[in-house]
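S.K.: Mind looking over this structure? Questions follow.
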Amino acid sequence: MKKNLIVANWKMHLNVSSASIYINRFNKEVPVHRNIEVVIAPSFLAIQPLSLEVDHRKIKLAAQNAYFKDEGAFTGEVSFTMLRDLVKYVIIGHSERRLYFHEDLETVRDKVSACYRNGLTPILCIGETKAERIAGETKRVIHDQLITALSNLTAEEVRGIVIAYEPIWAISTFQGEVAKPQDIQRVIDFIVYQISELYGSKVAEEVRILYGGSVNPDSVSGYLALENCDGALIGGASLNYLEFAKIINKAYLIRGKE
Ligand code: PEP
């Protein structure tokens, strides 16, 4: 059975000492859940100290980004190579990276390749804007983002990827609306269909797909109950350790006992 994944994306919040206090408190709130993998993506600075502090049975670490070259004269960048042994996952192609830092389809593809080259697992974010949704372009956008990002991978590599469907119109950064679970189901079904067309149904069954729009402890269950929804990528609500712990406990009630 696939392990469900609940990912906290702290974005540019929580400095090293706040991150450490959070982890200390959070550790006491959440037991080890066999079927739920809890992942925290802190700032780059906090990754190294947290890697020494977290209970690795309970929490895996992720980076929020990395650069696709392994080493070289790239001022200000951090490579996937540098993250080896510190994190298990790297978030790639988050909508804020695509929008504010102009990451295009090919950059995201190269980051996904670099992630695998360095033995790490990508959490690939894909999703459409509000304007694209209104224009009826959701499937085209998802198709283009997915096909390009996966284009250098073998079927074996695709099998292990995590895809976060992040409807940009439903995240807090962009004053998003609350997404109806049935709308999300349609896109998850489309993602599964696309992967099975390209890599076969066996691979599609193994890929983990997360809901990446805004959730809170009250709304998360509606998304986790969707078919082929294997977890959530959480922004704002993950900054409060109690809220995040509640979300994990909800996930356990729905998926953890399977
Ligand atoms: C996100 O940025 O992917 C996200 C889900 O953020 P928030 O939870 O803050 O809406």
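S.K.: Kindly establish whether Ile123 is at pLDDT 95 or above and closer than 25 Å to Lys60 by Cα.
M.R.: Yes.
Residues are listed down the side, and each one gets a yes or a no for (1) surrounded by 13 or more Cβ atoms within 10 Å (Cβ to Cβ); (2) among the aliphatic types (A, V, I, L, M):
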| residue | (1), (2) |
| --- | --- |
| Lys58 | yes, no |
| Ala62 | yes, yes |
| Phe68 | yes, no |
| Thr81 | yes, no |
| Val87 | yes, yes |
| His102 | no, no |
| Val108 | yes, yes |
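S.K.: Further question: Pairs needed: first member in region 85-111, at pLDDT below 95; second member anywhere, in a helix (DSSP H, G or I); C-beta distance under 9 Å; at least 6 residues apart or different chains.
M.R.: Correct list of pairs: Asp85/Ser51.
S.K.: Give region 227-243 a look and list any residue that's under 15 Å from the mean Cα position of the chain (by Cα) and within 15 Å of the ligand (Cβ to nearest atom), or say none.
M.R.: Across region 227-243, the qualifying residues are Cys229, Gly231, Ala232, Leu233, Ile234, Gly235, Gly236, Ala237, Ser238.
Residues checked against (1) in a helix (DSSP H, G or I); (2) under 18 Å from the mean Cα position of the chain (by Cα):
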residue: Glu106; (1), (2): yes, no
residue: Lys111; (1), (2): yes, yes
residue: Tyr116; (1), (2): yes, yes
residue: Pro122; (1), (2): no, yes
residue: Glu128; (1), (2): no, yes
residue: Lys139; (1), (2): yes, no
residue: Asp144; (1), (2): yes, no
residue: Glu156; (1), (2): yes, no
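S.K.: Same structure, new question: Considering only region 67-104, state which residues are assigned to a strand (DSSP E or B) and over 23 Å from Val207 (Cα atoms).
M.R.: Within region 67-104, Tyr67, Ser79 qualify.
S.K.: Next question, about the same structure. Mind telling me which of the residues Phe44, Phe80, Phe74 ends up being in contact (Cβ under 8 Å) with a residue 40 or more places away in the chain, on the phi < 0 side of the Ramachandran plot, among the aromatic types (Phe, Trp, Tyr) and away from the ligand (no atom under 16 Å from the Cβ)?
M.R.: The match here is Phe80.
S.K.: Looking at (1) within 25 Å of Val112 (Cα to Cα); (2) touching a Phe, Trp or Tyr at 6+ places or on another chain (Cβ under 8 Å); (3) buried (at least 20 other Cβ atoms within 10 Å of the Cβ), find the lone condition where Asp230 falls short.
M.R.: (2)
S.K.: Another one. Using beta carbons and a limit of 6 Å, which pairs, at least six apart or on different chains, have the first residue in region 9-20 and assigned to a loop (DSSP other than H, G, I, E, B) and the second one away from the ligand (no atom under 12 Å from the Cβ) and not hydrophobic (A, V, I, L, M, F, W, C)?
M.R.: Note: pairs meeting the criteria are Trp10/Pro42.
S.K.: Spot the failing condition for Leu224; the list is (1) of a type in the set (A, V, I, L, M, F, W, C); (2) over 16 Å from Phe190 (Cβ atoms); (3) within 11 Å of the ligand (Cβ to nearest atom); (4) in contact with a Gly (Cβ under 8 Å, 6 or more places away or on another chain), and only one is missed.
M.R.: With respect to (1) of a type in the set (A, V, I, L, M, F, W, C); (2) over 16 Å from Phe190 (Cβ atoms); (3) within 11 Å of the ligand (Cβ to nearest atom); (4) in contact with a Gly (Cβ under 8 Å, 6 or more places away or on another chain), Leu224 is out only on (3).
S.K.: Can you tell me which residue is farthest from the ligand (Cβ to nearest atom) among those in region 171-185 that are in a helix (DSSP H, G or I) and touching a residue at least 24 places away in the same chain (Cβ under 8 Å)?
M.R.: Gln185
S.K.: Further, regarding this structure: For region 12-33, give me each residue that is within 16 Å of the ligand (Cβ to nearest atom) and surrounded by fewer than 18 Cβ atoms within 10 Å (Cβ to Cβ).
M.R.: Met12, His13 - these are the residues of region 12-33 that are within 16 Å of the ligand (Cβ to nearest atom) and surrounded by fewer than 18 Cβ atoms within 10 Å (Cβ to Cβ).
S.K.: Can you report the number of residues in region 89-123 which are touching a strand residue (DSSP E or B) at 6+ places or on another chain (Cβ under 7 Å), closer than 17 Å to Ser151 by Cα and more than 16 Å from the ligand (Cβ to nearest atom)?
M.R.: 4
The values are calculated or read from the model by the stated rules, or taken from the named source; none is laboratory data. Model, not experiment: these values are computed from the prediction. Here the Cβ is made from the backbone with ideal geometry for all residues, glycine too, and neighbour counts use every protein chain on show.
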